[in-house]
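Coordinate-derived values only; no laboratory data. Keep in mind that what you see is a predicted model, and the values were worked out from it rather than measured. Neighbour counts are summed over all protein chains in view; Cβ atoms, including those assigned to glycine, are modelled from backbone coordinates with ideal geometry.
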Amino acid sequence: MALLLATVLAALAAGTLVSPAAAHDYLVGSVPEQGATIETAPAEVALEFYTSIGERFAQVAVVDAEGTTFQVGEPVVDGPTVTQAVDGLQAGMAVTISYRVVSSDGHPIGGTVPFTIAAAPGEAATTTDTEAPAPDTGESTT
């Protein structure tokens, strides 16, 4: 019985010691937030992680549904925050931020953050500025 208790206690202690070392950093927030619909196109996106991220090997892509990319330059890593400049995003777009960074324990982590830029007022219904010609009734107007 004492041997069984000692074995269980040893396993619990080993599990407790391994857990923090096995934990990886993770994304705690973003700007824009995941799933958000924002009113205007941003000039940059930001990812906030649980702890500082390694400056080397950080990759951020900002893409629309067709696969067009909008990131400009390299991402900037400042402690737990990774910022990426973007250009060309427009109203009505569904956009995804894809990232891959190296966590503080040296392991790569990645994921996606989707968001939408709201359509401009009146943009949802596509209309034309010209009137359709009147139907030809065969009658002369002169």
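Going through region 41-91, which GluC sites (Glu not before Pro) have at most 16 other Cβ atoms within 10 Å and a DSSP loop state? Could the numbers behind the result be given before it?
On the way: sites: 44, 48, 55, 66; in loops: 55, 66.
For GluC sites (Glu not before Pro) across region 41-91 that sit outside H, G, I, E and B with at most 16 neighbouring Cβ atoms in 10 Å, the list reads 55, 66.
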Checklist outcome for this item: Per DSSP, the loop-located chymotrypsin sites (Phe, Trp or Tyr not before Pro) within region 37-94 having at most 16 other beta carbons within 10 Å are 50, 57
Checklist entry - Any idea what the relative contact order of region 24-112 is, in percent, if you count C-alpha pairs under 8 Å spaced at least 6 apart? => result 33 percent
Item to check | Simple label model, 7 Å out from Cα along Cβ direction - residue 68 to residue 44, nm | outcome: 2.4 nm
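What net charge do the residues around residue 31 carry, taking every other residue with its C-beta under 13 Å from that of residue 31, with Lys and Arg at +1 and Asp and Glu at -1? It would help to have the intermediate numbers written out before the result.
Numbers: positive: none; negative: 33, 44, 48.
The answer is -3.
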